[in-house]
1. Look at region 64-79 and say how many of its residues are in contact (Cβ under 8 Å) with a residue 24 or more places away in the chain and more than 20 Å from residue 118 (Cα to Cα).
2. For region 80-138, give me each residue that is surrounded by fewer than 16 Cβ atoms within 10 Å (Cβ to Cβ), in contact with a helix residue (DSSP H, G or I) (Cβ under 8 Å, 6 or more places away or on another chain), in a loop (DSSP other than H, G, I, E, B) and without any contact (Cβ under 8 Å) to a residue 60 or more places away in the chain.
3. Starting from residues that are part of a helix (DSSP H, G or I) and touching a strand residue (DSSP E or B) at 6+ places or on another chain (Cβ under 8 Å), keep the ones in region 28-54 and report whichever is surrounded by the fewest Cβ atoms within 10 Å (Cβ to Cβ).
4. Looking at region 38-63, I want the residues that are more than 20 Å from residue 116 (Cβ to Cβ) and have a partner that is surrounded by fewer than 17 Cβ atoms within 10 Å (Cβ to Cβ) with Cβ atoms under 6 Å, at least 6 apart or on another chain. Which pairs are those?
5. What's the number of the condition residue 65 fails, among (1) assigned to a loop (DSSP other than H, G, I, E, B); (2) surrounded by fewer than 17 Cβ atoms within 10 Å (Cβ to Cβ); (3) out of contact with any strand residue (DSSP E or B) (no Cβ under 9 Å at 6 or more places or on another chain)?
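What follows is calculated from the coordinates using simple rules that are stated; it is not laboratory data. Owing to the predicted nature of the structure, the values given are computational and were not obtained by experimental measurement. Quick reminder, even Gly has a Cβ in these numbers, built from the backbone with ideal geometry, and neighbours come from all protein chains shown.
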């Protein structure tokens with residue numbers, strides 16, 4: 001059994017996320033730390049918001065794949081942004097970036113606007129939980 005999306009008919013229809021995701025009992029949980037779209041130790045200037053979003057997703061997926069999973073194994077995700085208006089203005093580009101990496105898979109998600117992120121210049125950071133196939137080691 002893989003992840004099962006749970007979107008009750010009594011709630012507003014989700015758009016770009018799922019209300020809930022049911023994980024199989026025999027899956028392995030992978031908790032992915034916040035992946036920032038920019039690290040202050042990098043050379044050059046911080047890229048635009050959409051590129052930072054893509055970088056954060058790529059880093060998150062690198063961790064998931066290293067653990068033996070894939071994009072469809074991501075069960076929940078929290079996206080932190082420093083400017084909600086900038087996020088909204090970039091939605092068309094973000095949707096394209098999302099589909100390139102996740103297709104039509106939409107985990108349970110939350111979007112939070114925050115005052116700032118640890119890495120100066122970072123405008124987006126993403127943390128997630130994935131449920132990978134197989135039994136957990138005892």
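1. First, pick out the residues of region 64-79 that are in contact (Cβ under 8 Å) with a residue 24 or more places away in the chain: 64, 67-69, 71-79.
Retained after the next criterion (residues that are more than 20 Å from residue 118 (Cα to Cα)): 64, 67-69, 71-76.
Adding up the residues that qualify gives 10.
2. Those that are surrounded by fewer than 16 Cβ atoms within 10 Å (Cβ to Cβ), in contact with a helix residue (DSSP H, G or I) (Cβ under 8 Å, 6 or more places away or on another chain), in a loop (DSSP other than H, G, I, E, B) and without any contact (Cβ under 8 Å) to a residue 60 or more places away in the chain: 83, 103.
3. In the first step, residues of region 28-54 are kept if they are part of a helix (DSSP H, G or I); the result is 49-54.
Okay, now just the ones that are also touching a strand residue (DSSP E or B) at 6+ places or on another chain (Cβ under 8 Å), so 49, 52-53.
Details: 49: 20, 52: 24, 53: 23.
Here the answer is 49.
4. Pairs that qualify, where the first residue is more than 20 Å from residue 116 (Cβ to Cβ) and the partner is surrounded by fewer than 17 Cβ atoms within 10 Å (Cβ to Cβ), are 57/101.
5. (1)
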